[in-house]
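In what follows, a single structure is set out as structure tokens and then discussed.
The values are calculated or read from the model by the stated rules, or taken from the named source; none is laboratory data. It should be emphasised that the depicted structure is a prediction, and the values quoted were computed from it without experimental measurement. Glycine also receives a Cβ, built like all others from the backbone with ideal geometry; neighbour counts cover every protein chain displayed.
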Amino acid sequence: MTGHDTPSPWPRDQDATIVFLLDARDDFEAALLRDWVESGKSEDRSYSRYSFVDLPGNRADDWLAALPDQCDAVWLQPLRIAWLPAAGRRRDRPLLDFFRGRLGEPGRARRRWLAKHRPERLAWIVGDGAYLDDLRERHADAALGDDAFAEFAANQALIALERSERIVRGARYKVPRTLPGDVFANPDFRNLMANIAQQRDRPVHDVFAQAERYLREMAATQTPFTLEMINALYRAAVRSHHDAAIDINEDQLQRVAETIATRPVIFLISHKSMLDTVALSLVLFDANLPLPLTFGGINLNTPGLGALIRRSGIIFLRRSFQDNEIYKSTFRRYIDYLIEKRFSLLWALEGTRSRTGKLLPPRFGLFNYVFESIQRTRLYDVTFIPVSVAYDQITEVEDYSIEQRGQKKKPEGVTWPLRFLRRGRSRGQIHLRFGDGLTVRELVETAELEAGINDERKQTLVATLAFEVAVRMNAATPITATAIITLILLAGGNRAQSLAEIQALARAGAALIRRRRLEIVGRSNFQDADAVLATLAELNETGIVSYLDEGTERLYTVSPDQHLNAAYYRNTAIHYFILDAFVEIALLDSASATDDPVEAFFARTSELRELFKFEFYFPRRAEYRSEIEKRVHERFGEWEDIVCRDETAIHDALDAVQPLVAHAVLRSFVDAYRIVASVLESSGTDAVDDEGAFLSQCLKTGKQELLQGRVFSAESISKSLYQTGLKLANYRGLLAANQAAERAGFHREFRNISDRLDEILAITLAKS
């Protein structure tokens with residue numbers, strides 16, 4: 001019987017007794033493996049000393065008793081059969097393939113049929129063999145105890161088979177199958193469990209048994225079958241709402257592949273949609289790269305579904321385990337094991353989906369555990385790779401706007417995946433980009449890490465690492481045509497704009513973007529009116545943009561109650577223009593400086609950085625001034641001469657520049673913060689103790705001011721923006737009692753910024 005690239009199961013030049021270790025699912029596979037061995041005999045060799053041993057399902061069983069006695073040397077040779085997918089399987093019909101049994105591991109009857117009629121689907125797997133005595137020495141060096149040798153030897157055989165199978169199947173099928181033996185083989189961990197047992201006056205084997213239960217509860221157990229099936233479902237999910245082809249940068253993907261080949265990788269992904277990790281999985285799967293293990297709540301471990309999720313690569317974590325030393329130690333050891341074995345890991349940098357489109361502050365929990373693991377394993381080349389996923393439009397944006405208005409979102413429930421899979425309207429393409437990787441070694445000297453760092457220093461490094469990843473993620477994010485068009489429309493508020501106006505502003509914005517070598521994706525040729533019209537049509541199809549056709553030309557505006565939806569898309573690119581907005585405001589403010597207007601300009605940009613520090617990511621303080629100087633010089637030339645003259649010169653300089661962005665970028669945030677400040681001021685000297693009640697009052701005040709025309713647009717009526725404004729107020733100590741004067745000053749700050757935005761808007765409108 002022949003199969004896929006049939007190798008020889010016989011080791012070369014071995015005079016030892018050969019024991020073939022058969023990793024077979026059943027007697028049928030075991031018989032196939034024996035026939036393969038027998039058929040592979042060479043005529044010029046003697047084969048008097050060989051035998052077969054079945055690796056047991058429970059690797060702790062004493063299978064070693066079946067080995068031959070009284071032999072000087074025993075060579076253990078692991079063998080396995082892998083069943084491959086059909087060659088040339090159509091990727092546009094993955095779900096049909098799955099339900100017809102063409103994906104994953106075939107059943108016994110189908111394996112018999114394949115072995116007879118489709119032998120090319122059968123792959124013979126030969127793992128690297130080892131002498132029995134060498135394994136005993138390695139086991140003794142690991143100090144695992146004599147009673148664990150059977151499990152240790154079986155695990156080594158399975159690891160060897162996994163390596164060989166990945167060569168045949170492809171790197172995407174890197175799956176951990178040797179738990180818990182490999183995880184608990186670490187001497188330091190075993191000593192830790194023994195110490196815990198002693199401290200709690202418990203038998204050591206009871207503590208280990210509990211740790212093993214925890215490990216089996218949390219550990220991901222990917223299988224090739226499940227990876228095939230899950231990615232078939234993922235492909236269907238993408239096609240139900242987006243173009244089938246995910247837009248990627250091939251050069252970036254190649255760099256990721258090179259990194260994965262040499263070192264452990266941690267993927268940190270932006271979180272805008274349920275499809276973020278889906279998109280990454282498909283990109284890696286199609287590139288034949290190992291799929292990362294990711295983290296999920298233990299609540300996902302439901303009967304039936306939990307097993308599928310676990311086998312897709314989800315690590316189940318309890319919501320809280322800080323007081324459970326055995327669980328915490330087991331989780332730490334599991335992370336160490338995954339990093340040591342170069343398994344890729346993945347989690348969302350922000351922890352939750354962004355409801356505003358902007359990148360949220362990072363969550364530090366998993367960063368702490370991974371950082372500590374890097375210290376313990378001394379694998380300082382672990383690379384954190386930012387992954388940014390951008391969308392022309394997303395399905396969940398309406399749910400997000402409901403939450404921002406203060407309404408409760410309907411729970412998704414267990415049926416939401418099926419509802420999501422139902423084909424809805426097309427929402428364009430998914431754009432996935434990889435940012436520059438980052439290692440701990442780039443942030444701190446190896447000598448300091450090995451010497452040991454205290455908790456305070458560790459927290460500083462973890463925060464620095466997380467924020468640097470976030471900055472690189474933002475830098476990798478492509479600007480969509482949707483983001484540019486929504487920015488232009490929102491800047492007009494309720495004022496409708498013609499195609500010519502929109503196109504002119506889009507061209508000006510795109511010119512600025514391209515001068516900075518930033519990437520625009522989607523329908524980005526704004527010289528072509530049809531490209532702008534196509535983006536407007538897509539936004540109209542999802543209800544975000546309305547047409548007005550009653551006059552001499554068609555006008556476009558953001559639809560009523562759609563400002564938050566439009567703002568979501570604008571905010572995905574807003575970080576690229578924040579410093580430009582600060583420059584414009586600071587230029588106006590520098591006209592009233594009593595001392596050096598240049599230094600007053602820089603001082604004002606620093607003040608603005610502090611005011612919006614909880615909303616946006618900024619360069620480090622040491623780099624901030626130089627980046628500001630770069631932006632102002634790029635747009636205004638010899639700006640120092642301008643600010644040293646008079647207010648008229650500054651206005652003339654602003655009038656000569658297109659586009660001005662401060663109003664378009666900052667207005668909603670300033671209006672929202674001003675409402676927070678107004679509600680705070682109206683609270684008098686009372687302390688703010690009930691955040692929920694305060695935010696509710698902000699929402700009511702915002703709606704009132706919208707009706708009065710005191711805020712520019714409905715996008716300022718946002719719970720998320722009010723929460724961030726309240727966070728800033730708390731940082732400045734304004735939630736405590738007896739802060740009336742300080743609250744009034746806080747309110748005044750944002751009224752002044754609002755006035756500057758009005759000036760910039762007036763200049764913009766005068767040019768149109």
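What do you reckon, is ALA510 within 19 Å of GLN429 (Cβ to Cβ), modelled with pLDDT under 95 and in a helix (DSSP H, G or I)?
yes
Given the structure, is LEU291 in a loop (DSSP other than H, G, I, E, B) and either buried (at least 22 other Cβ atoms within 10 Å of the Cβ) or of a type in the set (Gly, Ala, Ser) (or both)?
Considered against the rule, which asks whether it is in a loop (DSSP other than H, G, I, E, B) and either buried (at least 22 other Cβ atoms within 10 Å of the Cβ) or of a type in the set (Gly, Ala, Ser) (or both), LEU291 comes out as yes.
So which residues in segment 643-678 are without any contact (Cβ under 8 Å) to a residue 60 or more places away in the chain and surrounded by 21 or more Cβ atoms within 10 Å (Cβ to Cβ)?
If the condition is that a residue be without any contact (Cβ under 8 Å) to a residue 60 or more places away in the chain and surrounded by 21 or more Cβ atoms within 10 Å (Cβ to Cβ), then VAL643, PHE669, ALA672, ILE675, VAL676 are the ones that fit.
Looking only at residues in segment 616-642 that are among the hydroxyl-bearing types (Ser, Thr, Tyr) and free of Cβ contacts under 8 Å to residues at least 40 places away in the same chain, which one is farthest from LYS358 (Cα to Cα)?
Going through the qualifying residues, I end up with SER626.
Residues ARG621, ARG609: which one is among the charged types (D, E, K, R), crowded, with 17+ Cβ neighbours inside 10 Å and either closer than 30 Å to SER718 by Cα or in the same structural domain as ALA714 (by TED's automatic domain parsing) (or both)?
ARG609
Please go through (1) free of Cβ contacts under 8 Å to residues at least 60 places away in the same chain; (2) surrounded by 13 or more Cβ atoms within 10 Å (Cβ to Cβ); (3) not hydrophobic (A, V, I, L, M, F, W, C) for THR764 and return the number of the only condition it doesn't satisfy.
For THR764, the failing item is (1).
Is segment 720-732 home to any residue that is modelled with pLDDT of 95 or more, surrounded by fewer than 19 Cβ atoms within 10 Å (Cβ to Cβ), under 38 Å from the mean Cα position of the chain (by Cα) and assigned to a loop (DSSP other than H, G, I, E, B)?
yes
Out of VAL283, VAL238, VAL256, report the one residue that is closer than 22 Å to THR352 by Cβ and at pLDDT 90 or above.
Step by step, each of VAL283, VAL238, VAL256 is checked, and only VAL238 is closer than 22 Å to THR352 by Cβ and at pLDDT 90 or above.
When you go through (1) touching a Leu at 6+ places or on another chain (Cβ under 9 Å); (2) surrounded by fewer than 20 Cβ atoms within 10 Å (Cβ to Cβ) one by one for PHE371, which number turns out not to apply?
With respect to (1) touching a Leu at 6+ places or on another chain (Cβ under 9 Å); (2) surrounded by fewer than 20 Cβ atoms within 10 Å (Cβ to Cβ), PHE371 is out only on (2).
Does segment 328-336 contain at least one residue that is in contact (Cβ under 8 Å) with a residue 12 or more places away in the chain, touching a Gly at 6+ places or on another chain (Cβ under 8 Å) and of a type in the set (A, V, I, L, M, F, W, C)?
Among the residues of segment 328-336, not one is in contact (Cβ under 8 Å) with a residue 12 or more places away in the chain, touching a Gly at 6+ places or on another chain (Cβ under 8 Å) and of a type in the set (A, V, I, L, M, F, W, C), which makes the answer no.
For segment 339-442, give me every one of the helices (runs of 4 or more DSSP H) that falls completely inside it and has 3 or more residues that are within 14 Å of the chain's Cα centre (by Cα), assigned by TED's automatic domain parsing to the domain that holds GLU250 and at pLDDT below 95.
none
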